[in-house]
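The values are calculated or read from the model by the stated rules, or taken from the named source; none is laboratory data. Keep in mind that this is a model prediction, so the values were computed, not measured. Reconstructed Cβ throughout: ideal geometry from the backbone, glycine too, with neighbour counts over all protein chains shown.
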Amino acid sequence: MRRTLLLAATVAVVAVPAAFAKAAFPETIPLPDGWQPEGIAIGRGTTFYVGSIPTGAVYRGDLRSGKGAPLVQGATGRAAVGVDFDRGRLFVAGGATGKGFVYDARTGDVSGFEALMRWRHPTLGMIGPSDFIPIAEETGSIVDMGAWALKVACKDAVGWSRDVKVTLGGCGG
C-alpha cells in the first residue's frame, strides 16, 4: 500500500525562507510502499525528514519538488515514532524499543544513540522513568540500574563499525 504525506497543513505552519515563499509546493508527496509515517522534521532550507514507525527508517525529501529517498534504511527491532533536526543531526525516538538514534542528516550514518530507561511491567506494560526513577533513588537501587544501563548501551555500541557517542537518559517522560 503506497502512503503519501499530506503537506498542506505542514507548509502552512512552517516558516519558509522568502526566496521559496512564491514557489509552488506539491500538495502530497509519495512515500515508499509500506511506509508508515510518524514525525516530520524540517531541516535546512526546504529539506524534510519523516520516520517510518515499524522499521525506524528515515526518508529525506525536498518540499519544493516532493522528491526524495530513504536516508536511513529500516531494521528489525527499530522504530521511528518521532524525528527532530538540530545542527545537522537527526534525533529519532524509538518509542517502546527503548532506543533513540542520532544520525548525520547528510549521510544517514549513525553518530550516536541514547539508551532510554523504561520498565516493562508484566501486567501494567511500559512504565516511564518519571514513575520508577524516584523510587529507585529512594531505595538505593539507582546505582545498580545505572551500571546495568551503561553496560547494555556499551555492549550495543561495540557492534557498530565506527566510534559513536553513547548517552544514558532516565529522567523525564
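Would you pick out the residues in segment 128-147 that are over 15 Å from Lys99 (Cα atoms) and either modelled with pLDDT under 85 or surrounded by 14 or more Cβ atoms within 10 Å (Cβ to Cβ) (or both)?
Ser130, Phe132, Ile133, Ala136, Ile142, Met145, Gly146
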> Residue check, Gly170 against (1) modelled with pLDDT of 75 or more; (2) surrounded by 13 or more Cβ atoms within 10 Å (Cβ to Cβ), all met but one. Which one?
Replying inline: (1)
> Any idea how many residues of segment 90-120 are of a type in the set (D, E, K, R) and touching a Phe, Trp or Tyr at 6+ places or on another chain (Cβ under 7 Å)?
Replying inline: 2
> Of all residues in segment 59-106, how many are closer than 20 Å to Ala153 by Cα and acidic (Asp, Glu)?
Replying inline: 1
>> Quick check on segment 76-98: of everything there that is in contact with a Leu (Cβ under 9 Å, 6 or more places away or on another chain) and part of a strand (DSSP E or B), which residue is farthest from Gly128 (Cα to Cα)?
In response: Leu90
> In segment 106-129, how many residues are touching a helix residue (DSSP H, G or I) at 6+ places or on another chain (Cβ under 8 Å) and closer than 20 Å to Tyr49 by Cα?
Replying inline: 1
> Do the conditions hold for Gly45, that is, is it of a type outside the set (Asp, Glu) and surrounded by fewer than 17 Cβ atoms within 10 Å (Cβ to Cβ)?
Replying inline: yes
> Say we look at segment 63-101 and pick out the residues that are surrounded by fewer than 18 Cβ atoms within 10 Å (Cβ to Cβ) and among the aliphatic types (A, V, I, L, M); which of these is farthest from Tyr49 (Cα to Cα)?
Replying inline: Ala96
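So that you can scan it fast, the table gives a plain yes or no per residue for (1) more than 25 Å from Met126 (Cα to Cα); (2) modelled with pLDDT of 90 or more; (3) part of a strand (DSSP E or B):
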site: Ala9; (1), (2), (3): yes, no, no
site: Arg60; (1), (2), (3): yes, yes, yes
site: Arg64; (1), (2), (3): yes, yes, no
site: Gly100; (1), (2), (3): no, no, yes
